[in-house]
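The values are calculated or read from the model by the stated rules, or taken from the named source; none is laboratory data. All figures in this text were calculated on a predicted structure; none of them were measured in a lab. We place every Cβ from the backbone using ideal geometry, glycine too, and count neighbours over all the protein chains shown.
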Amino acid sequence: MSNSRFWVVGGEYTSCDCEKIVQGTERVIGPFESRHEAERTWRTLSEDHRPQAQVRFTIAQEPPSTLSA
């Protein structure tokens, strides 16, 4: 088992440069215990929103130090 957790984060951005997210569209899904689990969710979300050029999701890895508290 990994010492890190993974999250799928994203939403709709104001433009294709993906610098500013549209308020209220933010999504945080997780945590996932493995990157493989997070990738399955990321792939599904990305495919579901493929026609929407300004919707993006990414996988974030939680630093292991946050789990040892």
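Some points to look at:
- Residues (polar (S, T, N, Q) and more than 25 Å from Pro63 (Cβ to Cβ)) located in region 1-53: Thr14, Ser15, Gln23, Thr25, Thr44, Gln52
- Scope region 40-59; condition without any contact (Cβ under 8 Å) to a residue 40 or more places away in the chain and either surrounded by 15 or more Cβ atoms within 10 Å (Cβ to Cβ) or part of a strand (DSSP E or B) (or both); matching residues: Thr41, Trp42, Leu45, Ser46, His49
- Residue within region 8-20 that is out of contact with any Leu (no Cβ under 8 Å at 6 or more places or on another chain), among the acidic types (Asp, Glu), assigned to a helix (DSSP H, G or I) and at pLDDT 95 or above present: no
- Within region 1-21, residues that are on the phi < 0 side of the Ramachandran plot and surrounded by 12 or more Cβ atoms within 10 Å (Cβ to Cβ) reach partners that are part of a loop (DSSP other than H, G, I, E, B) and basic (Lys, Arg) with beta carbons closer than 6 Å, at six or more positions or on different chains, in the pairs Thr14/Lys20.
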